Amino acid sequence: MPLNRRQLLGLSPGLLLPRRALADVNERKFLFVFCTGGWDQCYLFAPLYDNSNIDMEPQSTVAELSGITFVDSAEKTNVRSFFQRYGNITCMINGFEARSVAHDICLRLISTGSSLPAHDDWPSIIAAHSQADPLMPFVNLSGPLFTHNFGSSVVRIGSAGQFAELLDGRGIQSDFPAALPSESVEHLEDAWVRDLSFQRLDQAREGREQLLIDAGLKADERLMRLRNENLSLTPDGFNHLASSLSLATDLLAAGASRSVMISYNGVQDLGWDTHAGSFLQAIHFNELFHELENTIQVMHNRNGTSGNPLIDEVTVVVLSEMGRFPQENARGGKEHWTYTSALLMGSGIRGGQTLGGYDEYCFGRPIDLNSGEPYNGGTPLLPGHLGATLLSLADIDYGEFIHDASPINAALR
């Protein structure tokens, strides 16, 4: 009988790891929370008051808590509560330029550092380089996904648990009766496919073909082990963000995954792409930070695979692919903007600081990568700088994947 989330919590972390994984392999894990659609930097990250070029959140003020400077208002009490409690482990980085205002391109840029398809996203790269060989290296519950070389590391569960249904056959739907093969026949078929794959792998030349066949074999091996574990992989509850964060925490705490991606589409899925009704941004931020605070609290109180609090093992990354134009349109909303911000918190992060910033026109300011201070002769921040920072946190040679950027050392502890 499939395990539910509560039963999953009671299992020893080692039970969820592949049999050949070592329990003493402790490496940093990552939780990505992606606010797809483009959040408004003037509702949180960019307190640019007394400026005719900028339309700020109404009835808001600048505030600073635990080294984090942010836009404060009565509509976002949970934001204030979060920074008051966890600003000391949070680093706000302002002024990344995606260099596009098209959603699809910005999603790929902020996720991979490139607009070209032959690149893997940050969580896929991190998961594929796991030394612990977790059962599901990268679990994508929802959100953007870009893979090229490391597709075998990815498990895309689906917001309604579609992957779990496919594992036990419930995902097969048809208007016609189907005679499924017996278990013995299925084993023979699987063995034939694997043997043929190994033959193709032996015959393949080095390069893309060999990578794809090898990735397919690895994915097949993990799928068989996953079926044997019989885990519940369906977010529960009516609050999608809360239940997804809870499931992600379970997977990371058990060592079943190294990377988990969650998307948050705002309150009642109303979306961050507010071409009308900018006031929704405050409501979205308020709910987002409420659930983030609950999740960080759980990570403080719960041990990970090392026996230490989970927050010491997990880096939480919160980002959006773009920002909003600094002035409102006739519909009370804002158009797309090429600059955005990111939040890093938890393991490996030098918290209690705000790095970078925006100028009087809401352009991202260049910074000193070592101090994080903005200055005119500094380095303009690109998605590659975020990627290099994350790969460094994962103990991966970022130069193998990123050639135009280096880590933001000021963010690293």
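The values are calculated or read from the model by the stated rules, or taken from the named source; none is laboratory data. Just so you know, these numbers come straight off a predicted model, no measurement behind them. Note that we place each Cβ from the backbone using ideal geometry, even for glycine, and neighbour counts take in every protein chain shown. Keep in mind that these areas ignore ligands, DNA and RNA; they rest on the heavy atoms of the full protein, side chains included. Shrake-Rupley method; radii C 1.70, N 1.55, O 1.52, S 1.80 Å.
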Notebook entry, point to check: Only one residue in Gly216, Gly271, Gly307 is modelled with pLDDT of 75 or more, touching a Gly at 6+ places or on another chain (Cβ under 9 Å) and either closer than 22 Å to Met136 by Cβ or not aromatic (Phe, Trp, Tyr) (or both). Which one?
Noted result: Gly271
Next item on the list: Search segment 389-413 for residues that are on the phi < 0 side of the Ramachandran plot and polar (S, T, N, Q) and pair each with any residue that is at pLDDT 95 or above and in a loop (DSSP other than H, G, I, E, B) when their beta-carbon atoms are under 6 Å apart and the residues are at least 6 apart or on different chains.
Entry: Thr389/Pro407; Thr389/Ile408; Ser392/Pro407; Asn409/Leu369; Asn409/Asn370
Notebook entry, point to check: What tally of residues in segment 290-306 results from selecting those that are open to solvent by 20 Å² or more (accessible area, probe 1.4 Å), more than 17 Å from Ser243 (Cβ to Cβ) and part of a loop (DSSP other than H, G, I, E, B)?
Noted result: 2
Checklist line | Every residue from segment 237-254 that is in a loop (DSSP other than H, G, I, E, B) and touching an Asp or Glu at 6+ places or on another chain (Cβ under 9 Å) | finding: Asn239
Check: in contact (Cβ under 8 Å) with a residue 12 or more places away in the chain, within 25 Å of Pro366 (Cβ to Cβ), outside any strand (DSSP E or B) and open to solvent by less than 40 Å² (accessible area, probe 1.4 Å), is that true of Ser115?
Finding: no
Note to self: Of the residues Glu313, Glu321, Glu335, Glu328, only one is charged (D, E, K, R) and more than 21 Å from His103 (Cα to Cα); which?
What the structure shows: Glu313
Margin query: Which numbered condition in (1) in contact (Cβ under 8 Å) with a residue 60 or more places away in the chain; (2) open to solvent by 20 Å² or more (accessible area, probe 1.4 Å); (3) not in a loop (DSSP other than H, G, I, E, B) is the only one that Gln84 fails?
Written below: (1)
Next item on the list: Can you work out which of the residues in segment 253-268 that are in contact (Cβ under 8 Å) with a residue 40 or more places away in the chain and under 25 Å from Glu335 (Cβ atoms) is most open to solvent (accessible area, probe 1.4 Å)?
Entry: Asn265
Check: Residues in segment 94-101: is at least one open to solvent by 10 Å² or more (accessible area, probe 1.4 Å), under 27 Å from Ala276 (Cα atoms) and without any contact (Cβ under 8 Å) to a residue 60 or more places away in the chain?
Finding: no
Check: For segment 322-345, does any single residue satisfy the condition of being at pLDDT below 95 and either over 12 Å from Gly95 (Cα atoms) or among the acidic types (Asp, Glu) (or both)?
Finding: no
Margin query: Tell me whether segment 269-277 contains one or more residues that are closer than 21 Å to Phe83 by Cβ and in contact (Cβ under 8 Å) with a residue 60 or more places away in the chain.
Written below: yes
Notebook entry, point to check: Within segment 34-81, which residues are more than 15 Å from Tyr358 (Cβ to Cβ) and over 28 Å from the mean Cα position of the chain (by Cα)?
Noted result: Ser52, Pro58, Gln59, Ser60, Thr61, Ala74
